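Note sheet for the following structure.
FYI, it's all coordinate maths here, none of it is from the lab. On a predicted model such as this, the values are computed, not experimentally measured, just so you know. Cβ atoms come from the backbone with ideal geometry, glycine included; neighbour counts cover every protein chain shown.
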Amino acid sequence: MAESQPLYLGPRLKRLRRELGLTQQAMADDLEISPSYVALLERNQRPLTVPLLLRLARTYKLDIADLAEGDGGDYARRLGDALRDPLFAGIDLPPLEVADMASNFPGISEALLRVYGAYQREQQVLAEQRPGGGGQGIGAAGSDPMGEARRYAASQRNYFDALDVKAEALADEINEAGGAEAWLKARGTRVRFLPSDVLAGTIRRYDRHNEQLLLDEGLDRASRTYQLAVHVAYTAMRAEISAVVRSAALSSESASVHLRRALGGYGAGALLMPYGLFAAAVEARRYDVEVLSRQFDTSFEQTAHRLTSLGRPGMERVPFFFIRVDEAGNVSKRLDGAGFPFAAHGGGCPLWSVHSVFRTPGEVVTQWLELPDGARFFSIARTVTSGGGGYGRPRVTRAIALACAAEHAPKLVYSEGGDAVGPPPGGAPTPIGVTCSLCHRASCTARAVPPIGREILPDDYRRAVEPFAFAEG
């Protein structure tokens, strides 16, 4: 009988240890081995013996089949696919060497795959920029996993009925139990709040071995409640979240991970602001975000998120578009329940107040907007902060905006004094574009680049007020 192959699972073991939030010393104590032996196992300098594999599975309550399944096969397949690129033509790359590389040097394999992935994305961008490239842009499937996940959520108008129905039932159970901590405790999970240095760079971690949910003690009240809800969503709503991810049929694992993460946040929001109760409160409070956030004990940003997801048939509310940007204009979150035209790439319009509210922190700024095609929207924008919670801990300030079609604006407390199609008498909507390269407004002093397809006029003898003068038509 053939002798079985030694089992080397160093990277898998290291990833497991980090997922559990354990040091090498802590894992060594759990497994009754030395920390140096754990280090050797993680560096693939020692094979994982069968008794130790069984002890791992028993100690951390893991499926032994999943644990024993290494990364080598996946790396070998992905490396093989990459090395078939014409870029590597003429290089002798025997399959056995590729398999050895994947099995014995998974870290280097992953590094090479990341570099090749970056190369592929750059090649795609260059191809699409050439005349006649005919591509779909960098947002094409496979090249932008976060964008692909966002587009799927937007196609559903950011409403997922199965999650909302499940969340309402869970919210009732949690309220009857006396809160999320008590509900989790009744199911065997204890919640502990620990200093940030103990959590080593995480704000939430589930210790499966000891059945504890560990949270950063520096989190404010709304963030604590939200992180508890996220854990409940990922565990008690796992089947519903997985079903949505499967039905989305996204093109890459990364896109599916982004969607799962978004759905975890969606589920948490639905738990904290159950659909029926929240939809009724929204109408009663006329979409006053701050009042709603106090009523449901959520943050301004969490409440704004939830307003984008009120699309239940027969109980629809005002559809909103949500965006979050930093001071450099980078978009870190976008939720579309309103069909707002937003460019996937290129900077946003600097005339939109979401980019200027950093000058008035904490203040809600309202604005009527008009796009080049005449479509009008109503927007509210405000800064929000995250982080902090202790001396020396970094705090991040971002701006968020909610926008709805002008026809819905009278339902919002923020639009008092206006009418259904525009600003108060004597005012005028701000003319904005989706992004400079797609905006054909000629008289815009804030323009950064000329629109695609327009010729720039020479300014040897005449310099207009606008940054660019371009030919008509």
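Data for the structure
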quantity: At R0 = 22 Å, FRET efficiency that the Cβ-Cβ distance of R393 and V257 yields, to 0.05; calculated: 0.20
quantity: Computed label-point distance, nm, for sites R192 and T360 using a 7 Å Cα→Cβ extension; calculated: 4.7 nm
quantity: Where a label projected 7 Å from the Cα of A200 along Cα→Cβ would reach, residues of the range 6-25 with amide N under 16 Å; calculated: 11-25
quantity: Length released on extending from K411 to A162, taking residue separation times 0.36 nm less the Cα-Cα span; calculated: 86.9 nm
quantity: Computed FRET value (nearest 0.05) for Q295 with D207, which takes r as the C-beta separation and R₀ as 41 Å; calculated: 0.75
quantity: Ranking of W352, W183 by count of other Cβ atoms within 10 Å, fewest first; calculated: W183, W352
quantity: Convex hull of the range 343-412 built on C-alpha atoms - directionally averaged projected area, nm²; calculated: 6.4 nm²
quantity: Förster radius 25 Å - calculated FRET efficiency between A243 and A177, Cβ distance, rounded to 0.05; calculated: 0.45
quantity: Inter-label distance for S155 and A284, nm, one decimal - labels placed 7 Å from Cα along Cα-to-Cβ; calculated: 3.8 nm
quantity: Lysines with Cα under 18 Å of K61, excluding same-chain neighbours fewer than 8 positions away; calculated: K14
quantity: Full-stretch length increase - L83, E217 - with 0.36 nm per residue and alpha-carbon distance subtracted; calculated: 43.5 nm
quantity: Cβ-defined net charge surrounding P361, 12 Å radius [Lys, Arg +1; Asp, Glu -1]; calculated: +2
quantity: Exposure proxy ranking, count of Cβ atoms within 10 Å, fewest first, for S293, S247; calculated: S247, S293
quantity: Cβ-based net charge around E168, under 14 Å, with every Lys or Arg adding one and every Asp or Glu removing one; calculated: -3
quantity: Loop chymotrypsin sites (Phe, Trp or Tyr not before Pro), the range 290-329 (other Cβ atoms within 10 Å of the site Cβ: 14 or fewer; DSSP); calculated: none
quantity: Global geometry of the range 142-316, whether rounded, prolate or oblate, following the gyration tensor of its Cα atoms and the 1.5 cut on a/c; calculated: oblate
quantity: Sorted peptide list for 88-99, 167-178, criterion being average Cβ within 10 angstrom, highest first; calculated: 167-178, 88-99
quantity: Peptides 224-232, 387-395 ordered by average Cβ neighbours within 10 Å, highest first; calculated: 224-232, 387-395
quantity: Spin-label pair E97/E32, simplified geometry with 7 Å Cα→Cβ offset, distance in nm; calculated: 4.6 nm
